[in-house]
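Some notes on the structure that comes next.
The values are calculated or read from the model by the stated rules, or taken from the named source; none is laboratory data. Just so we're clear, the structure is a prediction, and the values are computed from it rather than from any experiment. Cβ: placed from backbone, ideal geometry, glycine included. Neighbour counts: every protein chain shown.
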Amino acid sequence: MRKILHPLYALYQICFAWWAGIFLTFLTSCIIWLFGGVLKIKNADYYPAVVWCRLMCYLFLIPVKIVGRKEYVEDDKNYIFVANHQGMFDIFILYGYIVKNFKWMMKNSLRKVPFLGIACAKTDHVFVDRTTPQKDILRKSLNILKSGKCMTIFAEGTRTNTGKLGRFKKGAFVVANMSQKPIIPIAIQGAYDILPKGCMCAHWSPVTVTFHAPIECKGRDSENVDYLMEETRNVIAKTLGEA
């Protein structure tokens, strides 16, 4: 049935969804840049982004099922959310449905995304690349967590090429080790089928986002970093059926 309806879905995108999405992105970026970045109005960089991301999911007719968020995410605590990275729509899905004010740790190349890159830079998201000193990443991340906000990090560092869970990088777990903040693993399923790398046309696919119990730090050393990384990856891999 999906294959039969895909030409109609592609036509809908070409005629409406992508154009509406570009307009929404431009409008949201302007609002975030002005009210969050320039005027520094509290949460003005967060709520517009949540609305934008949910609208993008609605616009592309993507159903999102949330599992475990109410059980494990407490209003009065801040966390480091660590997720697998299946595709571009992960950003819309997480920003729209985590329901906690957070900052991204994102690739420096995203600064070049029209409108959105400037808005993110103006509102203190953490940009990283291979040349970024680790002490700068840690300092910015710790300041975010000390302010009471959360952080969201794709542990693989980039989107999967195959749909399978990749190797985790240590960045998220070094931040957790230093801040002593709990990690909440998030498993994203179905997003790879929407827009894999190199694909220009979205494919319809339902998405399930599973929140897991917080993983608490055990100490503050290199062994703790290894423990956090292994536990987080095991939890996500099990949910994805890759354990």
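Assorted remarks:
- Condition check for LEU116: in contact with a strand residue (DSSP E or B) (Cβ under 8 Å, 6 or more places away or on another chain) and hydrophobic (A, V, I, L, M, F, W, C): no
Let's see how each residue does on (1) touching an Asp or Glu at 6+ places or on another chain (Cβ under 8 Å); (2) touching a residue at least 60 places away in the same chain (Cβ under 8 Å); (3) aromatic (Phe, Trp, Tyr); (4) buried (at least 21 other Cβ atoms within 10 Å of the Cβ):
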| residue | (1), (2), (3), (4) |
| --- | --- |
| THR152 | no, yes, no, yes |
| THR158 | no, yes, no, no |
| LYS164 | yes, yes, no, no |
| ILE186 | no, yes, no, yes |
| ALA202 | no, yes, no, yes |
| ASP221 | no, no, no, no |
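- Filter pass, ALA49 being buried (at least 21 other Cβ atoms within 10 Å of the Cβ) and either under 23 Å from TYR192 (Cα atoms) or among the aliphatic types (A, V, I, L, M) (or both): yes
- Any chance PHE26 is of a type outside the set (Gly, Ala, Ser), at negative phi and surrounded by 15 or more Cβ atoms within 10 Å (Cβ to Cβ): no
- Filter result for ALA172 (under 15 Å from the mean Cα position of the chain (by Cα), in contact (Cβ under 8 Å) with a residue 24 or more places away in the chain and closer than 15 Å to ILE153 by Cα): yes
- Members of segment 221-238 found to be farther than 14 Å from ILE153 by Cβ, among the charged types (D, E, K, R) and assigned to a helix (DSSP H, G or I), listed by number: GLU223, ASP226, GLU230, GLU231, LYS238
- Test: residue in segment 232-243 that is buried (at least 20 other Cβ atoms within 10 Å of the Cβ) and touching a helix residue (DSSP H, G or I) at 6+ places or on another chain (Cβ under 6 Å): no
Residue by residue, here is whether (1) exposed (fewer than 15 other Cβ atoms within 10 Å of the Cβ); (2) modelled with pLDDT of 95 or more holds:
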position: PRO63; (1), (2): yes, yes
position: ILE66; (1), (2): no, yes
position: ASP75; (1), (2): yes, no
position: VAL82; (1), (2): no, yes
position: MET88; (1), (2): no, no
position: PHE92; (1), (2): no, no
position: TYR97; (1), (2): no, yes
position: PHE102; (1), (2): no, no
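- ASN43 under 20 Å from the mean Cα position of the chain (by Cα), loosely packed, with under 15 Cβ neighbours inside 10 Å, closer than 22 Å to GLY117 by Cβ and not basic (Lys, Arg): yes
- Filter result (within 23 Å of ALA202 (Cβ to Cβ) and crowded, with 18+ Cβ neighbours inside 10 Å) within segment 105-118: MET106, LEU116, GLY117
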